[in-house]
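Scroll down for the structure; my scribbles are underneath it.
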Amino acid sequence: MSKPHLEHDVPEQGGLKRTLKDLFAGAVGGVAQVLLGQPFDIVKVRLQTTSQYTGALDAATKIYQNEGALAFYKGTLTPLIGIGACVSVQFGGFHYARRAFEARNTAKTGSPQLSYAQYYAAGAFAGIANTVLSSPIEHIRIRLQTQPHGANRLYAGPIDCVRKLSAHQGVLGGVYRGTAVTFLREAQAYGVWFTTFEYLMNADAARNGVARDQISTWKVAFYGGLAGEMLWISSYPFDVVKSKMQSDGFGADQKYRSMRDCFAKVWRAEGMRGFWKGIGPTLLRAMPVSAGTFATVEVTMRLIS
């Protein structure tokens, strides 16, 4: 494994100014992520939470036939605002933790170089920080994506959805349902996401003897796409459980009493296969979405730096 090729922060870019740049670049990347990925995401959620489709193509076809083309962007307003904030927190949190590790390593060894375990820890920190935002945002999006079409719909929009979810079990039990498994998913997913991307970027820089900002945008996008594939492969079972819990009923209609109960019931009913339903469209979505996110963030950072 090649050694990391470091991004050294110059003094003017440290502290609050650098963190604000990381947050802004992440927000721009988040908007790109939503616009690229929302049609794939609704197919994934429908496959995870219902049994009425035989596969991804069948789901996409029936959604189009029964609900129209705009149905692929159901619930987009919430993630468009929220995912921008989430990706902002992810990149801001990762680079904050990375710089903390660099300072610690410099004090202990004289070198700021991070190990890949530290890259993973920085990514996991970013994911955990992001959960406060991502759990309710994704819950609302899933409710809007899985509700009946037309006159039978349950929610008029994101605000109405929040109000009705809160009325059932309060903010924590309603809006924040599924947060425990979201913590696990986010820590694993973003630990792997950032570690994979950093490894590929560092290996390219070392192999070609160039600075990181000299790596071409198409390579940044390609490495980001591969990181996206690894993100989902490493965390998908957690995502399935999260989707099932966040589309579950309330009161007498509630099937899953906890994260552990949901894991157990999925295993008993469907075995290992049940934890991988919808993985096809998810991986299909992951490459362009993650590629677009990292490329947008890197280009934005180069422009504002």
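The values are calculated or read from the model by the stated rules, or taken from the named source; none is laboratory data. Every value quoted in this text rests on a predicted model; they were computed, and no experiment measured them. In this analysis, Cβ positions are derived from the backbone assuming ideal geometry, glycine residues included, and neighbour counts consider all displayed protein chains.
Laid out as a table, the results:
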quantity	calculated
Flag for Arg177 being of a type in the set (Lys, Arg) and closer than 26 Å to Thr300 by Cβ	no
Residue tally, condition without any contact (Cβ under 8 Å) to a residue 60 or more places away in the chain and out of contact with any helix residue (DSSP H, G or I) (no Cβ under 7 Å at 6 or more places or on another chain), over the stretch 228-249	2
Unmet criterion (only one of (1) outside any helix (DSSP H, G or I); (2) farther than 28 Å from Leu16 by Cβ; (3) in contact (Cβ under 8 Å) with a residue 60 or more places away in the chain; (4) not charged (D, E, K, R)) for Ser51	(3)
Conditions (1) farther than 18 Å from Ile279 by Cβ; (2) surrounded by fewer than 23 Cβ atoms within 10 Å (Cβ to Cβ); (3) touching a residue at least 40 places away in the same chain (Cβ under 8 Å); number of the one not met by Gly225	(1)
Out of Ala156, Ala121, Ala60, Ala85, sole residue that is of a type in the set (A, V, I, L, M, F, W, C), more than 22 Å from Gly29 (Cβ to Cβ) and within 24 Å of the chain's Cα centre (by Cα)	Ala60
The stretch 156-194: number of residues that are modelled with pLDDT of 90 or more and not in a helix (DSSP H, G or I)	3
Conditions (1) surrounded by fewer than 23 Cβ atoms within 10 Å (Cβ to Cβ); (2) part of a helix (DSSP H, G or I); number of the one not met by Pro148	(2)
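Table: residues versus (1) crowded, with 22+ Cβ neighbours inside 10 Å; (2) in a helix (DSSP H, G or I).
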| position | (1), (2) |
| --- | --- |
| Lys242 | yes, yes |
| Lys255 | no, no |
| Cys262 | no, yes |
| Val266 | no, yes |
| Glu270 | no, yes |
| Arg273 | no, yes |
| Met287 | no, yes |
| Glu298 | yes, yes |
| Arg302 | no, yes |
